[in-house]
1. Which of the residues belonging to segment 111-142 are in a loop (DSSP other than H, G, I, E, B), more than 30 Å from residue 48 (Cα to Cα) and basic (Lys, Arg)?
2. Would you mind finding the one in 101, 72, 124, 159 that is of a type outside the set (Ser, Thr, Tyr) and in contact with a Cys (Cβ under 9 Å, 6 or more places away or on another chain)?
3. Of (1) loosely packed, with under 13 Cβ neighbours inside 10 Å; (2) closer than 25 Å to residue 136 by Cβ; (3) modelled with pLDDT of 90 or more, residue 57 satisfies all except one. Which?
4. From the residues in segment 49-77 that are of a type in the set (A, V, I, L, M, F, W, C) and part of a strand (DSSP E or B), which one is farthest from the chain's Cα centre (by Cα)?
5. For residue 155, which of the numbered conditions (1) under 16 Å from the mean Cα position of the chain (by Cα); (2) in a strand (DSSP E or B) fails to hold?
6. Can you pull out the residues in segment 127-155 that are surrounded by 12 or more Cβ atoms within 10 Å (Cβ to Cβ) and either among the small types (Gly, Ala, Ser) or in contact with a Gly (Cβ under 8 Å, 6 or more places away or on another chain) (or both)?
7. Mind checking whether some residue in segment 100-108 is outside any strand (DSSP E or B) and out of contact with any strand residue (DSSP E or B) (no Cβ under 8 Å at 6 or more places or on another chain)?
8. So which residues in segment 115-145 are within 25 Å of the chain's Cα centre (by Cα) and hydroxyl-bearing (Ser, Thr, Tyr)?
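The values are calculated or read from the model by the stated rules, or taken from the named source; none is laboratory data. Computed from a predicted model, the values in this text were never measured in an experiment. Positions of Cβ are generated from backbone atoms using ideal geometry, with glycine treated the same way; all protein chains shown enter the neighbour counts.
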Amino acid sequence: MKKLAIVFFSAILTITACKTEKKTEVKAEPKEEKIAYMSFGEKINDAEALTSAKALEQYKTLKIGDTATVKFASTIKDVCTKKGCWMKVPLSENDEVMVRFKDYGFFMPLDSKGKEVIVEGKAFVKVTPVDELRHYAEDAGKSKEEIAQITEPKKEMAFLAHGVLLK
């Protein structure tokens, strides 16, 4: 009887050990990587932000006094060293935009130079008077000699941001 029980259990073990099961592999769906931003001003998102080159194309269609609502990404080239109340961002190797903030309502961190940003607001072209250019040069920490060399108004691209995302 013992031999019969051993043979019986051995047969069951052999049958269950050889049983083939279909294993379904669960593939992890690729997760969308979220980029962390610090937000300043009104709440904006990073969706549909233009590249710097596309923003430059928009500026080229503007005349003095025209405005366009734009959202674009760039890197901070310069920032006000006193308060963070303005920043300059490049659109190309030779073109940059002076960005100020709506109602002087928010400022950028003083150490944000070189960081990526997305800005949303009004793009426009204007003529900046000498005294304002000198003020910005002083805020940027330029020397008295450099400031004294500013003698003519400058036609430039400007931007009034209502919201900024800093990467």
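1. First pass over segment 111-142, keeping only residues in a loop (DSSP other than H, G, I, E, B): 111-115, 129, 140-142.
Right, trim to more than 30 Å from residue 48 (Cα to Cα) and you get 129, 140-142.
Across segment 111-142, the qualifying residue is only 142.
2. Details: 72 fails: in contact with a Cys (Cβ under 9 Å, 6 or more places away or on another chain); 124 fails: in contact with a Cys (Cβ under 9 Å, 6 or more places away or on another chain); 159 fails: in contact with a Cys (Cβ under 9 Å, 6 or more places away or on another chain).
Among 101, 72, 124, 159, only 101 is of a type outside the set (Ser, Thr, Tyr) and in contact with a Cys (Cβ under 9 Å, 6 or more places away or on another chain).
3. Of (1) loosely packed, with under 13 Cβ neighbours inside 10 Å; (2) closer than 25 Å to residue 136 by Cβ; (3) modelled with pLDDT of 90 or more, only one is false for residue 57: (2).
4. Here is the first cut: in segment 49-77, the residues of a type in the set (A, V, I, L, M, F, W, C) are 49-50, 53, 55-56, 62, 64, 68, 70, 72-73, 76.
Now drop any that are not part of a strand (DSSP E or B), which leaves 50, 64, 68, 70, 72-73.
On the way: 50: 10, 64: 27, 68: 19, 70: 14, 72: 8, 73: 5 Å.
Within segment 49-77, the match that is farthest from the chain's Cα centre (by Cα) is 64.
5. All conditions pass for residue 155, except number (1).
6. Across segment 127-155, the qualifying residues are 137, 140.
7. Taking segment 100-108 and keeping what is outside any strand (DSSP E or B), we get 102-108.
Remaining after also requiring out of contact with any strand residue (DSSP E or B) (no Cβ under 8 Å at 6 or more places or on another chain): 103-104.
Taking every residue of segment 100-108 in turn, at least one turns out to be outside any strand (DSSP E or B) and out of contact with any strand residue (DSSP E or B) (no Cβ under 8 Å at 6 or more places or on another chain).
8. Of everything in segment 115-145, just one residue is within 25 Å of the chain's Cα centre (by Cα) and hydroxyl-bearing (Ser, Thr, Tyr), namely 136.
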